[in-house]
Amino acid sequence: MYTPCPSCNSERVVTKNIGRQTCGLIGLVGGGTGGAAGALSGAESGAIIGVRAGPLGIAIGCISGAILGGLMGGAAGAITGATIGEHIDEKLLDNYHCLACGYSFSINH
């Protein structure tokens, strides 16, 4: 989408995406932490059930469950956070920056 600078009418305009990056990072950390915590509690239950498989089965199940839970939770949190941050960029922040004159602006204001 072509968005010229309202101050100098330059075509050299970039997006800053500060809200998207910040919320994506917060979502990544929060989702990863929540996913790992859930996986650890699930690994504990799996360890009780996996007693029949022996010590190696218990260890592998616990470790892989924690890693996969952290990755899945982190990915889901990052996507959700980035989506929320994108709306913040569009509605609240001056997301566009002119490289010619340095003016920051939003197309919604």
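The values are calculated or read from the model by the stated rules, or taken from the named source; none is laboratory data. Not measured: the values here are computed from a predicted model. Positions of Cβ are generated from backbone atoms using ideal geometry, with glycine treated the same way; all protein chains shown enter the neighbour counts.
Return only the number of the condition from (1) at pLDDT 75 or above; (2) under 27 Å from the mean Cα position of the chain (by Cα); (3) surrounded by 14 or more Cβ atoms within 10 Å (Cβ to Cβ); (4) not basic (Lys, Arg) that ALA43 does not satisfy.
(1)
Looking at the range 3-25, which of the residues that are buried (at least 16 other Cβ atoms within 10 Å of the Cβ) and of a type in the set (A, V, I, L, M, F, W, C) is nearest to the chain's Cα centre (by Cα)?
CYS23
Any chance you could count how many residues in the range 4-30 are more than 30 Å from GLY77 (Cβ to Cβ) and in a loop (DSSP other than H, G, I, E, B)?
Number satisfying all stated conditions: 9.
For the range 64-97, give me the residue count where each residue is buried (at least 16 other Cβ atoms within 10 Å of the Cβ), of a type in the set (S, T, N, Q) and assigned to a helix (DSSP H, G or I).
1
Pick from GLY102, GLY61, GLY31: which is buried (at least 19 other Cβ atoms within 10 Å of the Cβ) and not hydrophobic (A, V, I, L, M, F, W, C)?
GLY31
Does GLY54 satisfy being modelled with pLDDT under 95, touching a helix residue (DSSP H, G or I) at 6+ places or on another chain (Cβ under 8 Å) and not assigned by TED's automatic domain parsing to the domain that holds CYS5?
The answer is no for GLY54.
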